[in-house]
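The values are calculated or read from the model by the stated rules, or taken from the named source; none is laboratory data. Remember, it's a predicted structure, so these values are computed and weren't measured experimentally. The protein model used for the area step is the full one, side chains on, heavy atoms only, and it has no ligands, DNA or RNA in it. Shrake-Rupley method; radii C 1.70, N 1.55, O 1.52, S 1.80 Å.
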Amino acid sequence: MPATTPTRKAASAKKTPLPAKARMQRGDLAPDRVAAILKGLDEAYPEAVCALNHHSPWELLVATILSAQCTDVRVNMVTPELFRRFPTPEAMAKATLPQLESLVKTTGFFRNKAKSIQGAASKLISEFDGEVPQTLAELITIPGAARKTANVVLGVCFGKAEGVVVDTHVLRISRRLGLAKGDTPQKVEQELMQILPQDRWISFSHQIIHHGRKVCEARKPKCHNCNLEPLCHSKDKTWHS
Ligand code: SF4
């Protein structure tokens, strides 16, 4: 009987992953490894941009608030009618909560989100002359806008990198790639800010979010299709035929 060649799947299955601490100590954060990951992301996602449709900082602020626990696709289905009915902060501040709730209902947590976007509109009018502020410190005072929302708006609309957007994809994949080990967005953001060049803070998040949607999915990452695979030694690696 001819000898069989072990498949990649079989070879991979025999590997015992190193404990997380050992993997970190193995040089995961070495500048040349981080640079190689960034290069791989550039090659795979050279045009990655924010997937939330918007025409102004105000629209992106609202869309990002609505995107909590919801897909960008779903938010993009809701916002055209929302902004047609209430195109400005002034108009949205005057909307009733039931009006807003019915328009954002399909994004989930709609009562809280309706309150947040109405509150955000009122805050912009009362404290920022109706304009979206351009600093993280100011943005996080807006109802519904925590650091992630603030970083999205600052990066996409104003090209300002005051932090790194850490959503569910960035949290998961940063850990899989050994770039962070924190278990909260706040901890992972701080770790990423330490190791990524600041001029990559904005693009890194866009690229990783695309990577998470297309390849490094939560349940079954498509490692056979991942150009970062040689750099990744996550225990979550999965090989598909
Ligand atoms: S090799 Fe797999 S787990 Fe690692 S980054 Fe790529 S898709 Fe994700």
Quiz item: Once phi is turned into θ = phi - 60°, what whole-Hz ³J(HN,Hα) does the Karplus curve with 6.51, -1.76 and 1.60 give for every residue of the range 84-100, x standing for Gly and Pro?
Solution: 5, 6, 9, x, 10, x, 4, 5, 6, 5, 8, 5, 7, 4, x, 4, 5
Quiz item: If one takes the longest principal axis of the Cα atoms in the chain, at what angle in degrees, from 0 to 90 and to the nearest 10, does the Cα axis of helix 201-214 lie?
Solution: 70 degrees
Quiz item: Cα-Cα over 20 Å: which of Lys39/Lys235; Lys181/Lys235; Lys148/Lys222; Lys181/Lys237?
Solution: Lys39/Lys235; Lys148/Lys222
Practice problem: Enter the angle in degrees (range 0 to 90, nearest 10) between the Cα long axis of helix 31-44 and the first principal axis of the Cα atoms of the chain, meaning the one along which they spread out most. | Solution: 70 degrees
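As a check on your grasp of the helix formula, calculate [θ] at 222 nm for the chain: sum -39500 (n - 2.57) over DSSP H runs of n ≥ 4, divide by the residue count, round to the nearest 500. Walk me through the intermediate numbers first.
Working: 13 runs with 131 residues, N = 241.
Helix contribution divided over all residues of the chain: -16000 deg cm²/dmol.
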Practice problem: Sort out for me the Cα centre separation of the range 210-226 from the range 38-65, rounded to whole Å. | Solution: 18 Å
Quiz prompt | Where Rh is the Kirkwood radius over Cα pairs, Rg/Rh for the chain | solution = 1.06
Quiz item: Between the helical axis of 110-127 and the dominant principal axis of the chain, each derived from Cα atoms, what acute angle in degrees is found, rounded to the nearest 10?
Solution: 60 degrees
Quiz item: Can you give the Kirkwood hydrodynamic radius of the range 57-96 from its Cα pairs, in Å with one decimal?
Solution: 10.4 Å
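When the accessible area of the range 25-106 is computed with all protein chains present and a 1.4 Å probe, what percentage of it is carbon and sulfur? Provide the component values of the computation, followed by the final result.
Working: 2420 of 4280 Å².
That fraction is 57 percent.
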Exercise. Leaving ligands, DNA and RNA out of it, report the carbon-plus-sulfur percent of the accessible area of the range 120-184 at a 1.4 Å probe.
Key: 50 percent
Self-check item: Gyration tensor over alpha-carbon atoms, the range 161-241, equivalent ellipsoid semi-axes in Å
Solution: 22, 12, 11
